[in-house]
Amino acid sequence: MTVTTRILIFMIAGLVLGSLINAFASDVAFIDKYFVNGLFHVVGAMFITGLKMLVVPLVTFSLICGVYGIGDITKLGRVGVKAFGMFVMTTALAITLAITIAVIVGPGEGFELTGDQGDFTAPVAPPLTQVIIDLIPSNPVAAYAEGNMLQIIFFTILFAVCMLMVGEAGRKVAEGAERLNEIMMQVVTVVMHVAPYGVFALMAKTFALQGLGLIWPMFSYFGVVVVALLLHATITLMLLLKLLSGVSPLMFLRKVRTPQIFAFSTASSNATIPVTLRAAEKRLGVDNPTASFVVPFGATINMDGTAIMQGVATIFVANVFGIDLGIGGYLTVIGMAVLASIGTAGVPGVGLIMLAMVFTQVGLPVEGIALIMGVDRLLDMMRTAVNVTGDLTITSIVAQSEGSLDEAIFYDPKAGDVEDIHLPHKAADTA
Ligand code: ASP
């Protein structure tokens, strides 16, 4: 059995167990204390932390190798511009699709406001000007310590470009980075071996706390988001992939299952970066220079799934409060959602912060967000899977356009399967 299959089985088992606990044992103090908030909580949190632990060193070493490997600054600029353009375009397509479906279906019409929907106080999002200024770290060590992805990308690229400029000294550092990168990739493989348990614990905890019953009162909203997410991931993105790169969407979907599962269970594109990067290079055959740059960049600024949620949420809340947004309002929502997805990082629940920005801009009551908060955790999982699918689609398209996609790897169903780990028992003998 491959590791992916095992992770999938554990994910479903966790989902079922969690839902059963929620339905039949949610008031059993023992289960709540020792399992849901005990074992599942601890194992799940350790797993997410373990993934996050890999992100900064992996991205750094990989990006150093990548930029050094490209060896050509114009090519780097071209890859960056292409990726950025595609990210913006797919986000705009995603939210346009979401708004279109939501306008047709009309979720929230006739929704009863009960008055006890809870409160939502919007956290303040930074202005776009600050986001642009903040691309440059005042202290790179602080950027690494905080895991600030855009700042890390900026500094690492600058550093690697200068490695190219200094010649011999740079080459030696690049060799070191290559070895470190290989070791970090192995760390990812090791973590993937324990992933089934982590995914199981995360699923069991989330579903024990968030019963599926939450969905029913919100079904019109929930359903429209899910349909739009599915259509975007399977039709829009796959059509783009086929048209722009010519490779098989079916093979692609098969290869990206593992990062999708990780994204779904962690609800964080950032925590999923190690797995996304691994899939891009080893499963899809994207070369290291393109993958190491486009994947973390996408995890930070490309959020198609989040944009879809925002489009539907805007229409839903407008319908509930009987506010007519008009075409101008919809266009503002599209523009704002694209900007918001660039300005906020891929961590759980960030979508709601972005939504508050969008609501303020179009004059919808920000308290309306309280209505959809109950089902947000479940939708966060799904939209994160779509966010990561978008990142990988664009990574593949950009790689193909640069001649950096190895189709032999792409079409080999077994390429990059997580191999068994062999511990070097007899290292002393061979030394
Ligand atoms: N959790 C999402 C991500 O990491 C962002 C969001 O929609 O809240 O991509």
Among residues belonging to the range 283-306 that are closer than 22 Å to I48 by Cβ and among the aliphatic types (A, V, I, L, M), point out the one that is nearest to the ligand (Cβ to nearest atom).
-> M303
Of the numbered conditions (1) hydrophobic (A, V, I, L, M, F, W, C); (2) within 20 Å of the chain's Cα centre (by Cα); (3) surrounded by fewer than 13 Cβ atoms within 10 Å (Cβ to Cβ), A142 fails exactly one; give the number of that condition.
-> (2)
Note: among T290, T306, T258, T276, just one is buried (at least 24 other Cβ atoms within 10 Å of the Cβ) and farther than 25 Å from S401 by Cα, namely T306
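Does at least one position in the range 12-25 carry a residue that is assigned to a loop (DSSP other than H, G, I, E, B), of a type outside the set (V, I, T) and farther than 25 Å from N288 by Cα? Break it down into steps so the answer makes sense when it comes.
In the first step, residues of the range 12-25 are kept if they are assigned to a loop (DSSP other than H, G, I, E, B); the result is 25.
Add one more test, that the residue is of a type outside the set (V, I, T), and what stays is 25.
Of the ones still in play, those that are also farther than 25 Å from N288 by Cα are 25.
Yes, some residue in the range 12-25 is assigned to a loop (DSSP other than H, G, I, E, B), of a type outside the set (V, I, T) and farther than 25 Å from N288 by Cα.
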Considering every residue within the range 391-398, establish whether at least one is under 14 Å from the mean Cα position of the chain (by Cα), at pLDDT below 95 and crowded, with 17+ Cβ neighbours inside 10 Å.
-> no
Would you tally the residues in the range 5-30 being more than 24 Å from the chain's Cα centre (by Cα) and buried (at least 17 other Cβ atoms within 10 Å of the Cβ)?
-> 4
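Going through V350, V317, V333 one at a time, which residue ends up being within 15 Å of the ligand (Cβ to nearest atom) and buried (at least 17 other Cβ atoms within 10 Å of the Cβ)? Reasoning before the result, please.
Working: V317 fails: within 15 Å of the ligand (Cβ to nearest atom); V333 fails: within 15 Å of the ligand (Cβ to nearest atom).
Exactly one residue qualifies, and that residue is V350.
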Could you tell me which numbered condition L230 fails, if it satisfies all but one of (1) within 21 Å of the chain's Cα centre (by Cα); (2) more than 27 Å from T49 (Cβ to Cβ); (3) in contact (Cβ under 8 Å) with a residue 12 or more places away in the chain?
-> (3)
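Could you tell me whether the range 152-173 includes any residue that is without any contact (Cβ under 8 Å) to a residue 12 or more places away in the chain, part of a helix (DSSP H, G or I) and under 19 Å from D380 (Cβ atoms)? Even if it seems obvious, please write down each step before you answer.
So in the range 152-173, the residues without any contact (Cβ under 8 Å) to a residue 12 or more places away in the chain come out as 158, 162, 165-169, 171-172.
Keeping just the survivors that are part of a helix (DSSP H, G or I) gives 158, 162, 165-166, 168-169, 171-172.
If we keep only those that are under 19 Å from D380 (Cβ atoms) too, we end up with none.
For the range 152-173, residues without any contact (Cβ under 8 Å) to a residue 12 or more places away in the chain, part of a helix (DSSP H, G or I) and under 19 Å from D380 (Cβ atoms): absent.
So, in the range 264-282, of the ones that are closer than 20 Å to V247 by Cβ and touching a Pro at 6+ places or on another chain (Cβ under 9 Å), which residue ends up nearest to the ligand (Cβ to nearest atom)? Step through it out loud before you land on a result.
The first filter runs over the range 264-282 and keeps only residues closer than 20 Å to V247 by Cβ, leaving 276-282.
Narrowing the set further to residues that are touching a Pro at 6+ places or on another chain (Cβ under 9 Å) leaves 276-280.
On the way: T276: 11, L277: 15, R278: 18, A279: 16, A280: 16 Å.
Filtering the range 264-282 for residues that are closer than 20 Å to V247 by Cβ and touching a Pro at 6+ places or on another chain (Cβ under 9 Å), the one nearest to the ligand (Cβ to nearest atom) comes out as T276.
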State yes or no: is V386 within 13 Å of the ligand (Cβ to nearest atom), at pLDDT below 90 and closer than 22 Å to M11 by Cα?
-> no
Somewhere in the range 179-202, is a residue within 24 Å of L8 (Cβ to Cβ), among the aromatic types (F, W, Y) and touching a Leu at 6+ places or on another chain (Cβ under 7 Å)?
-> no
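Select, from L230, L128, L164, the only residue that is within 23 Å of V398 (Cβ to Cβ) and out of contact with any strand residue (DSSP E or B) (no Cβ under 6 Å at 6 or more places or on another chain). Walk me through how you get there before you give the answer.
Details: L230 fails: within 23 Å of V398 (Cβ to Cβ); L128 fails: within 23 Å of V398 (Cβ to Cβ).
Within the list L230, L128, L164, the selection yields L164.
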Condition broken by D324, with the remaining ones in (1) more than 13 Å from the ligand (Cβ to nearest atom); (2) of a type in the set (D, E); (3) in a helix (DSSP H, G or I) satisfied | (3)
Output the residues belonging to the range 225-263 that are away from the ligand (no atom under 16 Å from the Cβ) and touching a Pro at 6+ places or on another chain (Cβ under 9 Å).
-> T234, M238, L239, L241, K242, M251, R254, K255
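The values are calculated or read from the model by the stated rules, or taken from the named source; none is laboratory data. From a predicted model like this one, the values you see are computed outputs, not experimental measurements. As a convention, Cβ positions derive from the backbone with ideal geometry for all residues, glycine included, and neighbour counts pool all protein chains shown.
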